[in-house]
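Comments concern the structure below.
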Amino acid sequence: MKIKLIQPAMLPRPMDTKLKTRMSPSLALLTIANLTPKEHEVIIENENVDKIDFDENVDLVAITVTVDVMNRAVEISKEFQNRGVKVIAGGIHITADSEGAVNRFDAIIIGMAERVWKKVLKDVENDSIKKIYYDMENINGNEIVSPDYSMIDNKKYLYTNIISTSRGCPFKCDFCYNSCTNSIKTYINRPIEDVIKDIKVLKTKHIMFIDDNFIGNPKWTKELLKEIKPLKLKWNAAVTSNIVDMPELLDEMKESGCQSLFIGFESINSKSIESVHKIQNSVSRYEKLVDEIHKRGIMINASFVFGLDEDDAEIFKSTLEWIVKNKIETVTSHIMTPYPGTKLYASLLKENRIVDHNLSNYNTSHVVYKPKNMTAEELYDGYLWIYKEVYTLKNIIKRLPKSKKQWIPFLAFNLLYRKFGRLTELVCNIVSFEVIGRFSRWVAYRIK
């Protein structure tokens, strides 16, 4: 069969440029490609980069779906169904809200595809396709399949050096997909030798680990770091704030080449943290956490969620002051968004507080519910204000890292990606995203 794998176009947030959508390819689709037996032909189309060819003669279409592209995914599905092509949907939103998705496509895959994809293909060939495919009971890390990195068109992306080492997260915060009924029930790691193999396939010294939680199993993480230390990599990852209790692991991270850590601080208001059951976060220890990371020469990308039930309109000013005071190198902000299928969504729905059911607005830059202690306008305006203020030249200078070796990557992100992102996008369109990405990695790796 000729199989087309599709990533629908994302709708940009106010601060986004094409640098975001061109950052990296979809590991989900590359994994599906590698799961597909070689007798089939696989085509990948990322609508963020290219137009979808609806008239190409294909036998099957599969779409990876996040909540904000669900509406577009349904439109794409109808286009192909009208041409007599079966359409399968999978991905995090399909897993989280399978009831809302099951009748929008010919079939859906809930959860990981490793065990079911070949069954899907056989059923399509035999014209016996089922509505739902699910098989994740007692799944383990040995079953996780590597992406087919050979299918990446390097000219289209800034970075192709992305690796996933795990699935799931040990924590079940109310607003997170991991609180969903169909989410993976346990945290599983891939075999270390498989991760090392992927690193070598990518033939690069700069790696982005894109797990939900790189330290979900600290013992495994420590073993991986010992294995990658001789490779002399520079790498980034996402971790939880309880790493403050793991000084030895932080030491291993420093020694193995860690450059920055993405951390979901979410709020500096302890009552807000408690309201969404983010039990791993201790606001009173945030500054110790920052100090422990910074003194090892590692930068921080801090994520904040605004509009939690204990937040009022003062949260924006106090958060900005905290960010500047602690010299947080990069910041990602979000408006609290109740993803369908999560505990938060169920709670707000029960309270009749969800006011916008257009899933295209569920990209963390719209207010889709009634906030408790501020107006929707105050929340939205505050969200825009803090993004603008964090990346003013004055606050960029105030947040300049103490270590001079971090100045180049710090200024590159703050100025070229955030402050002057439109200009950088224009340069990338002229020179190519591949060249700019390759140059950035070359510079980053040579900073001692």
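The values are calculated or read from the model by the stated rules, or taken from the named source; none is laboratory data. Quick caveat, the model's predicted, so the values are computed rather than measured. Note that each Cβ is placed from the backbone with ideal geometry, even for glycine, and that neighbours are counted across all protein chains shown.
Can you tell which of ASP97, ASP50, ASP16, ASP59 is more than 27 Å from ASP211 (Cβ to Cβ), modelled with pLDDT under 95, acidic (Asp, Glu) and touching a helix residue (DSSP H, G or I) at 6+ places or on another chain (Cβ under 9 Å)? Can you show your working first?
Numbers: ASP97 fails: more than 27 Å from ASP211 (Cβ to Cβ); ASP16 fails: more than 27 Å from ASP211 (Cβ to Cβ); ASP59 fails: modelled with pLDDT under 95.
Matching residue, one of ASP97, ASP50, ASP16, ASP59: ASP50.
Being polar (S, T, N, Q) and within 15 Å of ILE63 (Cα to Cα) is the filter here; which residues of the range 90-134 pass it? Give the steps one after another, and end with the answer.
Initial filter on the range 90-134 (polar (S, T, N, Q)): 95, 98, 103, 126, 128.
Passing the criteria: THR95, SER98, ASN103.
Just give me the residues in the range 137-152 being of a type in the set (A, V, I, L, M) and in contact with a strand residue (DSSP E or B) (Cβ under 9 Å, 6 or more places away or on another chain), in sequence order.
Of everything in the range 137-152, those that are of a type in the set (A, V, I, L, M) and in contact with a strand residue (DSSP E or B) (Cβ under 9 Å, 6 or more places away or on another chain) turn out to be ILE139, ILE144, MET151, ILE152.
Just to verify a result, which residue in the range 15-48, among those that are more than 18 Å from the chain's Cα centre (by Cα) and in a loop (DSSP other than H, G, I, E, B), is surrounded by the most Cβ atoms within 10 Å (Cβ to Cβ)?
THR36
Can you tell me which residue among ILE354, ILE430, ILE397 is in contact with a strand residue (DSSP E or B) (Cβ under 6 Å, 6 or more places away or on another chain), surrounded by fewer than 19 Cβ atoms within 10 Å (Cβ to Cβ) and of a type in the set (A, V, I, L, M)?
ILE354
Between residues in the range 186-205 that are without any contact (Cβ under 8 Å) to a residue 40 or more places away in the chain and residues that are part of a strand (DSSP E or B) and surrounded by 19 or more Cβ atoms within 10 Å (Cβ to Cβ), which pairs lie under 7 Å by C-beta distance while being six or more apart or on different chains?
TYR187/SER166; VAL195/ILE163; ILE199/ILE163; ILE199/ILE207
Determine the pairs where a residue that is closer than 18 Å to LYS20 by Cβ, located within the range 402-416, has a partner that is of a type in the set (S, T, N, Q) with Cβ atoms under 6 Å apart, the partner being 6 or more residues away or on another chain.
Close Cβ pairs satisfying both conditions: PHE413/THR330; LEU416/THR424.
Against the definition (among the small types (Gly, Ala, Ser), surrounded by fewer than 21 Cβ atoms within 10 Å (Cβ to Cβ), over 15 Å from ILE386 (Cα atoms) and more than 23 Å from the chain's Cα centre (by Cα)), how does SER360 come out, yes or no? Outline the logic, then answer.
Numbers: among the small types (Gly, Ala, Ser): yes; surrounded by fewer than 21 Cβ atoms within 10 Å (Cβ to Cβ): yes; over 15 Å from ILE386 (Cα atoms): yes; more than 23 Å from the chain's Cα centre (by Cα): no.
Answer is no for this residue.
For the range 162-174, how many residues are surrounded by fewer than 21 Cβ atoms within 10 Å (Cβ to Cβ) and within 26 Å of LYS4 (Cα to Cα)?
So the answer is 1.
Those residues that are touching a residue at least 12 places away in the same chain (Cβ under 8 Å) and farther than 14 Å from TYR187 by Cβ, I need them from the range 133-148; list them, please.
Once the filter is applied, which keeps residues that are touching a residue at least 12 places away in the same chain (Cβ under 8 Å) and farther than 14 Å from TYR187 by Cβ, the range 133-148 yields TYR133, TYR134, ASP135, ASN142, GLU143, VAL145, SER146, PRO147, ASP148.
So, TYR380, is that one under 24 Å from ILE323 (Cα atoms) and free of Cβ contacts under 8 Å to residues at least 60 places away in the same chain or not?
Yes, satisfied.
Quick one: count up the residues across the range 250-262 that are part of a helix (DSSP H, G or I) and in contact with a strand residue (DSSP E or B) (Cβ under 9 Å, 6 or more places away or on another chain).
4
Among the residues of the range 69-92, write down those that are within 16 Å of LYS131 (Cα to Cα), buried (at least 19 other Cβ atoms within 10 Å of the Cβ) and of a type outside the set (Val, Ile, Thr).
SER77, LYS86, ALA89, GLY90, GLY91 - these are the residues of the range 69-92 that are within 16 Å of LYS131 (Cα to Cα), buried (at least 19 other Cβ atoms within 10 Å of the Cβ) and of a type outside the set (Val, Ile, Thr).
I'm checking my understanding of the structure. Among residues of the range 49-75 that are closer than 21 Å to GLU114 by Cβ and in a loop (DSSP other than H, G, I, E, B), which one is farthest from the chain's Cα centre (by Cα)? Even if it seems obvious, please write down each step before you answer.
Going through the range 49-75, the residues closer than 21 Å to GLU114 by Cβ turn out to be 60-66.
From the residues that got through so far, the ones that are in a loop (DSSP other than H, G, I, E, B) too are 65-66.
Details: VAL65: 13, THR66: 10 Å.
Among them, the one singled out is VAL65.
I need a count of the residues in the range 270-284 that are in a helix (DSSP H, G or I), closer than 21 Å to TYR339 by Cα and not hydroxyl-bearing (Ser, Thr, Tyr).
Residues meeting the conditions: 2.
For the structure I just gave you, tell me whether PHE214 is touching a residue at least 40 places away in the same chain (Cβ under 8 Å), in contact with a Ser or Thr (Cβ under 9 Å, 6 or more places away or on another chain) and either assigned to a strand (DSSP E or B) or closer than 15 Å to LEU250 by Cα (or both).
yes
Looking only at the range 162-209, filter to residues that are at pLDDT 95 or above and assigned to a loop (DSSP other than H, G, I, E, B); which one of those is farthest from GLU274 (Cα to Cα)?
If we take residues in the range 162-209 being at pLDDT 95 or above and assigned to a loop (DSSP other than H, G, I, E, B), then PRO191 is farthest from GLU274 (Cα to Cα).
With respect to LYS130, determine if the residue is charged (D, E, K, R) and not in a loop (DSSP other than H, G, I, E, B).
Values: charged (D, E, K, R): yes; not in a loop (DSSP other than H, G, I, E, B): no.
No; evaluated as a whole, the condition is false for this residue.
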